[in-house]
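Colleague: The structure is given below, and queries will be raised subsequently.
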Amino acid sequence: MSPPVQPVASDEKLPSSVDVVVIGAGIAGTTAAYELAKRDFSVALLDKGRVGGEQSSRNWGWVRQQHRDLRELPLAMRSLEIWRGLNQEIGAETGFRPTGLLYVTTRPADFAQWEAWTLKAREYQMHSRILSAAEAKGMTPGSVPAWIGGVHSPTDGRGEPSLASPAIAEAARRAGATIHQDCAARGLETSAGKVSGVITEKGVIRTQAVLLAGGAWSGLFCRRHGLRLAQASVKSTSFSTTEAPEVTKGGLSMPDVTIRRRLDGGYTVGLGGRGLLEISPQGLMHARQFWPTFKQRRWGLSFTIGRSFFDGPEALARWSFDGISPFERHRTLDPGADPKLVQLGLTRLGEHYPALAKLKVAHSWGGFIDSTPDGIPVISAVDSMPGLFLSTGYSGHGFGIGPGAGRLAADLVAGDPPIVDPHPFRYSRMIDGTDLGEPGMM
């Protein structure tokens, strides 16, 4: 079952030409479209399905700086600054609340990792507080486990994935952008090696700049144009509960289960590190680059050869631009929730908090977490195809960093000074392998 998402109306007329076409109306695409429209660029925002219909509405809703890969931390910090004023700026509800985020554990390895990260993060003026066992217990009244410690980031927060992308898309429209749902981009037109248009199922849009923010579909789109993008996806499971006692105002990470307080009084529940890896042609193509990541995370993965091998974003596919594309055959990636993981989440919550032992599931859903080998996104121009820019590969943590990522992508498209150093997010590392090592803390 898909999580409920605030509906957005489409504009009726597809423009014949615009300054920028944004492909993909998740958090990365909508924020970039909004930033560009504010700068008086004409923008067409396209989605093969609905605004926020895939991973941007299926994540946990955490808005965090804490435990980011240090290469990504400056962008996460700038993103949080944007979140803090976003509701007021766009005059709409994104669900953001600066409630803080809390991690507690019974595992010495977790605690040692948090201590090491916190020391390094101080170089960026990011201050999380390491908690003693007594402090961790004091911040989780009603919890049963004997926590050995924790870490608290009082400046982080939470948002509502079902509201944020639609609210930002509507703000982009008010700034002048047009929104086109159920309008798949089949491919790019080029002239003298440069982008000159986007071929959609509803016609061609002339443009000299395209931002591809297609989530798990970006690799397939790039392959159609002979571009290599190392990307692999894992199916995850999350669920929301009916109204429940408030044991945290923000997000709380415990061993095996994570919760985030919702505006409706329930929780969004996630199971960190667990998921289903379907063997696929795309996965095999990039297996060598992903091997370090796989070794680090295989403890929580199960494996299968399923639909992904023959169909979907990671399958081998060929299509002509004047025929139906794979994007039209899959308006929304909507994998079902794994009932065993839903039950595991409910069981763990009851074990950790007796007050949450009888929670009812309101909605459960699956999602595709698209990752890069080093666990940080690609936000970059593609030098081999002038006019094409990428904003993809958010590796399961794109929601919180979305507003900053949209600002950075808009800066690059517009040729404006970037909000942060874009070097860590360059596309060229996908090709030459420079600095493409094991992922940091995520």
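The values are calculated or read from the model by the stated rules, or taken from the named source; none is laboratory data. Model, not experiment: these values are computed from the prediction. Neighbour counts run over all protein chains shown; Cβ positions are idealised from the backbone, glycine included. Note: areas computed on protein heavy atoms with side chains; ligands, DNA, RNA excluded. Shrake-Rupley method; radii C 1.70, N 1.55, O 1.52, S 1.80 Å.
Colleague: If the Cβ limit is 7 Å and pairs must be 6+ apart or interchain, which residue in region 205-216 that is modelled with pLDDT of 95 or more pairs with which residue that is of a type in the set (Asp, Glu)?
Modeller: Sorted first by the residue in region 205-216, then by its partner, the pairs are Thr207/Asp19; Ala209/Asp19; Gly215/Glu54; Gly215/Asp370; Ala216/Asp370.
Colleague: Can I ask one more? Among the candidates Asp311, Asp264, which residue alone is open to solvent by 30 Å² or more (accessible area, probe 1.4 Å) and either within 30 Å of Gly150 (Cβ to Cβ) or touching a residue at least 60 places away in the same chain (Cβ under 8 Å) (or both)?
Modeller: Values: Asp311 fails: either within 30 Å of Gly150 (Cβ to Cβ) or touching a residue at least 60 places away in the same chain (Cβ under 8 Å) (or both).
The match here is Asp264.
Colleague: Being open to solvent by less than 10 Å² (accessible area, probe 1.4 Å), under 30 Å from Ser428 (Cβ atoms) and not polar (S, T, N, Q): is that true of His225 here?
Modeller: In short, no.
Colleague: Could you tell me which of the residues Phe303, Phe368 is open to solvent by 60 Å² or more (accessible area, probe 1.4 Å) and assigned to a strand (DSSP E or B)?
Modeller: Numbers: Phe368 fails: open to solvent by 60 Å² or more (accessible area, probe 1.4 Å).
Going through Phe303, Phe368 in turn, just one is open to solvent by 60 Å² or more (accessible area, probe 1.4 Å) and assigned to a strand (DSSP E or B): Phe303.
Colleague: Applying the selection to region 93-129, what residues are closer than 23 Å to Arg261 by Cα, assigned to a loop (DSSP other than H, G, I, E, B) and open to solvent by less than 30 Å² (accessible area, probe 1.4 Å)?
Modeller: Hits for region 93-129 are Thr94, Gly95, Phe96, Gly100, Ser128.
Colleague: Looking only at residues that are outside any helix (DSSP H, G or I) and open to solvent by 10 Å² or more (accessible area, probe 1.4 Å) in region 30-46, which one is nearest to Arg407 (Cα to Cα)? First the steps, then the outcome.
Modeller: Of region 30-46, the ones outside any helix (DSSP H, G or I) are 39-46.
From what's left, open to solvent by 10 Å² or more (accessible area, probe 1.4 Å): 39-42.
Values: Arg39: 11, Asp40: 14, Phe41: 14, Ser42: 16 Å.
Checking each candidate, the answer is Arg39.
Colleague: Would you say Pro3 is within 28 Å of Val342 (Cβ to Cβ) and open to solvent by 10 Å² or more (accessible area, probe 1.4 Å)?
Modeller: yes
Colleague: Sticking with this one: So how many residues does region 314-331 have that are touching a residue at least 40 places away in the same chain (Cβ under 8 Å) and outside any loop (DSSP other than H, G, I, E, B)?
Modeller: 3
Colleague: Looking for whichever is open to solvent by less than 30 Å² (accessible area, probe 1.4 Å) and over 28 Å from Arg348 (Cβ atoms) here; the options are Trp217, Trp291. Which one fits?
Modeller: Trp217
Colleague: Still on this structure, I have one more. Scanning region 77-89 for residues that are touching a Phe, Trp or Tyr at 6+ places or on another chain (Cβ under 8 Å) and closer than 30 Å to Pro7 by Cβ, which turns out surrounded by the most Cβ atoms within 10 Å (Cβ to Cβ)?
Modeller: Quick first cut of region 77-89, residues touching a Phe, Trp or Tyr at 6+ places or on another chain (Cβ under 8 Å) only: 77, 83-84, 86-87.
Right, trim to closer than 30 Å to Pro7 by Cβ and you get 83-84, 86-87.
Details: Trp83: 24, Arg84: 16, Leu86: 22, Asn87: 18.
This residue is Trp83.
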